[in-house]
Amino acid sequence: MSALTDGGHVHELRSSPWADLPARLARAPDWGRRFALLYHVLRRALETGPAVSPEVAWAWHRIQGTCGRIRVEELAARTGWSRRHLERRFRCRIGLTPKGAAQVMRLQAVLRGKEAGATWADAAAQAGYHDQPHFDRVFKAMTGRTPGAFSAHRSCASVRDAQDFVPEHVTSAMFGRPD
């Protein structure tokens, strides 16, 4: 069984519309049309793909509702699944484990607090980090930089730079553009 879907297989990537997607993207005359094509193909895959289980949907909404401040053990207990089963099913549908999704949401909360004028320490405390060293470790693990280095990079970059891109880290989906 593949990690692509609960019952999917890798051979599905070789079938239409996936098989010729790279060639179709290469033939598109500009980036706007490439993104439109990719959006269309991904949207269609989401619409025709298997439904998300109610347990995964509930866990996702609970993580969102608590801004990532919920323990995975509690989620698992409330779904009636083991922690491991919840993690596998959640990762398959969401792309992250429940803990990973919660960490992203907590980091987003810190960044919103920072952009609203809070210090790193205050924003981290408001997002539920119990101490600065813990926050610093998580921040660096997720972005590849310390909070100070991240701020310095963003403050000196021009608005045309990909300011939220940190090599080998998924960051641009998490962070808003600075003013």
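For the range 98-136, the set of residues classified as part of a helix (DSSP H, G or I) and surrounded by fewer than 13 Cβ atoms within 10 Å (Cβ to Cβ) consists of 133, 134, listed by residue number.
In the range 48-58, is there at least one residue being of a type in the set (S, T, N, Q), exposed (fewer than 14 other Cβ atoms within 10 Å of the Cβ) and modelled with pLDDT under 75? No: the range 48-58 contains no residue that is of a type in the set (S, T, N, Q), exposed (fewer than 14 other Cβ atoms within 10 Å of the Cβ) and modelled with pLDDT under 75.
Going through the range 74-96 one residue at a time, which ones are farther than 11 Å from residue 59 by Cα and of a type outside the set (A, V, I, L, M, F, W, C)? The answer is 80, 82, 83, 84, 85, 88, 91, 93, 95.
For every residue, the table says whether it meets (1) closer than 30 Å to residue 21 by Cα; (2) touching a His at 6+ places or on another chain (Cβ under 9 Å); (3) free of Cβ contacts under 8 Å to residues at least 40 places away in the same chain; (4) not hydrophobic (A, V, I, L, M, F, W, C).
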site	(1), (2), (3), (4)
44	yes, no, yes, yes
56	yes, no, yes, no
76	no, yes, yes, no
81	no, no, yes, no
101	yes, no, no, no
111	no, no, no, no
122	no, no, yes, yes
131	no, no, yes, yes
146	no, no, yes, yes
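Count of the range 137-147 residues, restricted to those that are more than 22 Å from residue 71 (Cβ to Cβ) and crowded, with 16+ Cβ neighbours inside 10 Å, is 3. Among the residues of the range 112-126, those that are out of contact with any Gly (no Cβ under 7 Å at 6 or more places or on another chain) and aliphatic (A, V, I, L, M) comprise 116, 118, 121, 124, 125. Quick check on residue 152: is it farther than 19 Å from residue 102 by Cβ and either open to solvent by less than 30 Å² (accessible area, probe 1.4 Å) or in contact with a helix residue (DSSP H, G or I) (Cβ under 9 Å, 6 or more places away or on another chain) (or both)? It is false that residue 152 is farther than 19 Å from residue 102 by Cβ and either open to solvent by less than 30 Å² (accessible area, probe 1.4 Å) or in contact with a helix residue (DSSP H, G or I) (Cβ under 9 Å, 6 or more places away or on another chain) (or both).
For the range 11-32, the candidate set comprises residues that are touching a Lys or Arg at 6+ places or on another chain (Cβ under 8 Å) and part of a loop (DSSP other than H, G, I, E, B); within that set, the residue that is modelled with the highest pLDDT is 28. Residue count for the range 73-97 under the criterion of being in a helix (DSSP H, G or I), of a type in the set (A, V, I, L, M, F, W, C) and more than 11 Å from the chain's Cα centre (by Cα): the result is 6.
The values are calculated or read from the model by the stated rules, or taken from the named source; none is laboratory data. Just so we're clear, the structure is a prediction, and the values are computed from it rather than from any experiment. We place every Cβ from the backbone using ideal geometry, glycine too, and count neighbours over all the protein chains shown. With ligands, DNA and RNA removed, areas are computed over all heavy atoms of the protein, side chains included. Shrake-Rupley method; radii C 1.70, N 1.55, O 1.52, S 1.80 Å.
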